[in-house]
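Participant: Before we start, here is the structure in question, set down as structure tokens.
The values are calculated or read from the model by the stated rules, or taken from the named source; none is laboratory data. Keep in mind it's a predicted model, so treat the numbers as computed, not measured. In this analysis, Cβ positions are derived from the backbone assuming ideal geometry, glycine residues included, and neighbour counts consider all displayed protein chains.
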């Protein structure tokens, strides 16, 4: 586990795929906080990510009720393929990235602003 000693315990990463999410579940102790959901290694798509057993708050163990998924990778090989609709646009755009991460990194940034994912597949494997 990769955790800054000064970071709250809900902001720790594990090797592989992690999801940054803002919890909007009022019953969750992390309500309105950005939380790191630790997923690990494997191949995942958007509907599957939200249904995974590990897709829950690391503190309260409740589901986030947040549809925003900000993928983050640590110490792994990754592949991302997807199609999205940028907010305010009429045409979809495709995304395809792959590589190796030796530290921590957000791969999908906000250069397109908020987007709606039509499809998104994420694969994380050990280095």
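Participant: Of the conditions (1) under 17 Å from residue 34 (Cα atoms); (2) outside any loop (DSSP other than H, G, I, E, B); (3) modelled with pLDDT of 70 or more, residue 122 clears all except one; give me its number.
Facilitator: (1)
Participant: Continuing with the same structure: For the range 71-104, give me the residue count where each residue is assigned to a loop (DSSP other than H, G, I, E, B) and modelled with pLDDT of 85 or more. So that I can check it myself, show each step before the final result.
Facilitator: Kept after step one, since they are assigned to a loop (DSSP other than H, G, I, E, B), are these residues of the range 71-104: 87-92.
The next check asks that each one be modelled with pLDDT of 85 or more; those that pass are 90-92.
Residues in the range 71-104 being assigned to a loop (DSSP other than H, G, I, E, B) and modelled with pLDDT of 85 or more: 3 in total.
Participant: Continuing with the same structure: Report every pair of residues separated by at least 6 positions or lying on different chains whose Cβ atoms are under 6 Å apart, first residue within the range 7-22 and closer than 19 Å to residue 45 by Cα, second in a loop (DSSP other than H, G, I, E, B) and at pLDDT 80 or above.
Facilitator: 16/41
Participant: I would also like to ask the following. Just name the residue that is modelled with the lowest pLDDT out of those in the range 28-70 that are farther than 14 Å from residue 15 by Cβ and in a strand (DSSP E or B).
Facilitator: In the first step, residues of the range 28-70 are kept if they are farther than 14 Å from residue 15 by Cβ; the result is 28-35, 37, 43-53, 55-70.
Filter again for in a strand (DSSP E or B), leaving 34-35, 37, 43-45, 70.
On the way: 34: 80, 35: 82, 37: 83, 43: 94, 44: 88, 45: 85, 70: 74.
Applying the filter and picking the extreme gives 70.
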